[in-house]
Structure formats: structure tokens, C-alpha cells
Amino acid sequence: MKKVMAQGVFDILHPGHLHYFRESKDLGDDLVVIIARDSRVKKEKGLYFDEDERREMVESLKPVDEALLGSKGDIYSTVREIDPDVITLGYDQKHNQEEVKEMAEDATGHEVEVQRISGLEDYSSSNIRNS
């Protein structure tokens with residue numbers, strides 16, 4: 001079984017998120033989505049839904065096998081727990097792919113593929129929130 005891990009806030013679900021989940025799922029057998037904790041989301045963003053509501057909404061989506069809340073402390077402890085073969089990043093996530101790969105491999109002790117998912121860049125929670 002090839003395990004894929006995706007992560008994000010997912011406060012306002014939109015077609016861009018669905019694309020991200022479908023493309024992530026296509027890279028493996030099992031898609032685990034990590035939902036950012038309320039305490040880790042920048043306050044100026046403001047959230048419409050709390051972490052439990054966001055987790056429940058994401059987990060109900062067809063491509064998602066499991067949705068979990070991220071760590072309250074060390075964000076990389078989640079990578080150790082999930083032990084993914086692939087980590088996907090959204091087009092708008094600012095993480096450096098090589099740094100994520102190095103961190104994930106240190107955490108898991110095995111090779112981890114890191115893929116940036118592009119497409120549907122016109123959709124953005126920030127743009128929706130600000131319109």
C-alpha cells in the first residue's frame with residue numbers, strides 16, 4: 001500500500017481542493033489528509049469553521065481515506081506518525097519541496113516522494129473570503 005499525505009487548512013472547500021485531493025489520491029492507494037489546527041492558523045485569516053468541522057468535511061470527500069488533525073506542537077511529528085510514501089503540496093503552499101523531502105525522510109527513515117499539485121490556480125480560499 002502506497003500512502004499519500006496531503007495537508008492544509010481547508011476552511012472554505014472549493015473545486016481547487018477537490019482537484020488537490022483527487023490528484024493526491026492518484027499518486028497512491030491511501031490518502032490521509034492532515035487538517036491544520038486552529039491554534040496554528042494565522043489569526044488574521046479568520047476561520048469560518050473550527051478544526052473538528054473542517055476535519056469532518058474533508059473526511060466526507062470521496063478521494064479522502066482518512067482526515068486527521070495535525071499536531072499542536074511539532075508539525076513534523078505527524079509525518080512520523082503517518083509514515084507516508086508521498087507528500088503532496090498545493091500550488092499555493094510556500095513549502096520548499098527539497099526541505100520537505102529531507103525532513104520527511106529524516107522523520108520516517110525511508111525515501112519520501114514530494115509532489116507539488118498544480119491546476120485550478122484560479123480557486124483560492126483567500127480570494128473567495130475577500131470577494
Enumerate lysine pairs in the chain that are 8 or more residues apart or on different chains, then count those whose Cα atoms are under 17 Å apart. 10
Label point distance in nm, ASP92-SER60, each placed 7 Å from Cα along Cα→Cβ: 2.2 nm
In degrees, nearest ten, helix 15-25 long axis to first principal axis of the chain (Cα): 10 degrees
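FYI, it's all coordinate maths here, none of it is from the lab. If you're wondering where the values come from, they're calculated on a predicted model, not measured in any experiment. Cβ sites come from the backbone with ideal geometry, for glycine too, and all protein chains shown count toward neighbours.
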